């Protein structure tokens, strides 16, 4: 475990590439079926409920104040997408591909991104408690001021992933290599993690003391 004494350099995340004009769409009227494609639309102030579809493509879209209720979109592909103030709690995005996607001020409690592939994804001021990222492959992913209490990163692959001012208490990282991952700006009292997983992880001096308690070590003065 490496100690952190300097402020981390912000991670560079590619932003979604959106055209200046997007056509409004009401997805609840359109319907979402297997292998449906939606390109260059903006979806706002609606509720999408009772949807189950596989391999749906969303490309160059924005979602504003959209609530997803009992929605399963497994194997979806999301490219150049912005979610603002949306409720995606318990949405099933397992095995999805996300590229240049932003979640801003969203409710993501229990969202399922198991075995998903995330590239250039930003979570900003989101509520992501109980979120599932197990077996996910994540590269260039930023969590900013986001709660991830009891979230699940079991056996995930993390590369250039940052957690800045995040709450990650009781998050599960077992089987996930944390070498080069900076946890020094996170808040937690306990983590599901092994000493082997922590090799090369960046932590603060206060967290080093906390880990001695987590692993039942005794420091003798």
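Since every read-out is calculated from the coordinates, none of them should be taken as a lab result. These numbers were taken from a predicted model, which means no experiment stands behind them. Cβ coordinates were reconstructed from backbone atoms using ideal geometry, including for glycine residues, and neighbour counts include every protein chain displayed.
Using Cα pairs closer than 8 Å and at least 6 residues apart in sequence, work out the relative contact order for the chain, in percent.
Relative contact order comes out at 13 percent.
Please give the contour-minus-distance gain from residue 169 to residue 195: 0.36 nm per residue of separation, less the Cα-Cα distance, rounded to one decimal in nm.
7.6 nm
Return the tail of the calculated pair distribution for the chain, meaning the percent of Cα-Cα pairs more than 27 Å apart.
Tail of the P(r) past 27 Å holds 32 percent of the pairs.
Need the C-alpha centroid separation for segment 31-68 versus segment 129-200, integer Å.
Answer, in whole Å: 28.
What is segment 39-124 by shape, rounded, prolate or oblate, if you read a ≥ b ≥ c off the alpha carbon gyration tensor as root eigenvalues and call it rounded for a/c under 1.5, prolate for a/b larger than b/c, and oblate otherwise?
Note, shape of segment 39-124 comes out rounded.
Please give the contour-minus-distance gain from residue 52 to residue 208: 0.36 nm per residue of separation, less the Cα-Cα distance, rounded to one decimal in nm.
This chain segment gains 51.7 nm when fully extended.
Where does the chain land at 222 nm, in deg cm²/dmol rounded to the nearest 500, when only DSSP H runs of n ≥ 4 count, each adding -39500 (n - 2.57), divided by all residues?
-2000 deg cm²/dmol
R0 = 25 Å: FRET efficiency of residue 21 with residue 125, Cβ-based, nearest 0.05?
E between residue 21 and residue 125, to the nearest 0.05, is 0.40.
Starting from 0.36 nm per residue, how many nanometres of slack lie between residue 35 and residue 105 once their C-alpha separation is accounted for?
Result for the pair: 22.4 nm of gain on full extension.
Quick one: angle between helix 205-214 and the longest Cα principal axis of the chain, in degrees between 0 and 90, rounded to 10, please.
Here the helix axis deviates by roughly 90 degrees.
For the pair residue 70 and residue 84, how long in nm is the line joining their label points, each one 7 Å along Cα→Cβ?
The modelled label-to-label distance comes out at 3.0 nm.
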